[in-house]
Amino acid sequence: MSYYSIAKMSAVGILGRLITKLTLNWLSRCLAFATIFVMKLKNADELNELGRELGTALSGGEVIELVGDVGAGKTTFTQGLARGLGIDEPVSSPSFTISRSYSARDGLHLNHYDFYRLSDAGIMRDEIAESLTDPQNITVVEWGASVADVLPNDRRVIEIKYLPDGEGREVIL
């Protein structure tokens with residue numbers, strides 16, 4: 001497993017260089033082969049921008065599982081992802097509604113799930129399983145333990161952690 005630490009630089013600038021020099025296609029291939037990128041972000045704006053940059057590269061059929069404590073920035077990341085997909089409407093946490101769907105560019109759909117309040121996904125397991133079969137869907141899952149058996153093995157797991165002393169976030173891609 002390869003390990004790259006990207007620290008003490010703006011994550012947005014780093015990602016911009018990755019896009020230009022290596023393309024996000026290369027980054028996708030690295031993620032598929034268990035390469036780990038660790039990015040240190042200074043604030044929520046950088047986390048949102050990282051989501052936006054990755055959102056521009058999505059083409060449908062992707063499944064992203066977001067892992068992190070309450071308030072770590074999973075929804076902030078998803079808001080940026082939605083912007084990158086051309087979604088103009090406000091994107092909010094589906095903590096109480098469990099799921100939210102948004103129409104995106106090029107006929108794509110963003111389906112955002114949050115299973116924080118469910119120890120057993122019940123009928124939502126069927127809904128997410130159906131979402132995963134449509135290649136026009138991009139599926140983002142927060143607190144996915146209750147549906148882990150439904151999620152594909154090749155999903156992208158993005159972990160967001162608090163840094164000590166409120167110095168921002170660490171994002172593991």
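The values are calculated or read from the model by the stated rules, or taken from the named source; none is laboratory data. Everything quoted here is computed from the prediction, not taken from an experiment. Counting neighbours? That spans all protein chains shown, and the Cβs are built from the backbone with ideal geometry, glycine included.
If the condition is being outside any loop (DSSP other than H, G, I, E, B), over 19 Å from the mean Cα position of the chain (by Cα) and either at pLDDT 90 or above or more than 12 Å from Val147 (Cα to Cα) (or both), then the range 107-129 contributes only Gly107. In the range 43-83, which residue that is buried (at least 21 other Cβ atoms within 10 Å of the Cβ) and among the small types (Gly, Ala, Ser) is farthest from Ser131 (Cα to Cα)? Top of the filtered list is Gly73.
If only residues of the range 139-149 that are at pLDDT below 90 and over 14 Å from Thr75 (Cβ atoms) are counted, the one that is surrounded by the most Cβ atoms within 10 Å (Cβ to Cβ) is Gly144. Across the range 72-108, the number of residues qualifying as over 16 Å from Glu53 (Cα atoms), free of Cβ contacts under 8 Å to residues at least 60 places away in the same chain and not hydroxyl-bearing (Ser, Thr, Tyr) comes to 10.
Residues of the range 152-170 that are assigned to a loop (DSSP other than H, G, I, E, B) and either without any contact (Cβ under 8 Å) to a residue 12 or more places away in the chain or surrounded by fewer than 16 Cβ atoms within 10 Å (Cβ to Cβ) (or both): Pro152, Asn153, Asp154, Leu163, Glu167. Among the residues of the range 86-94, is any modelled with pLDDT of 95 or more, surrounded by fewer than 22 Cβ atoms within 10 Å (Cβ to Cβ) and small (Gly, Ala, Ser)? The answer is yes; a qualifying residue exists.
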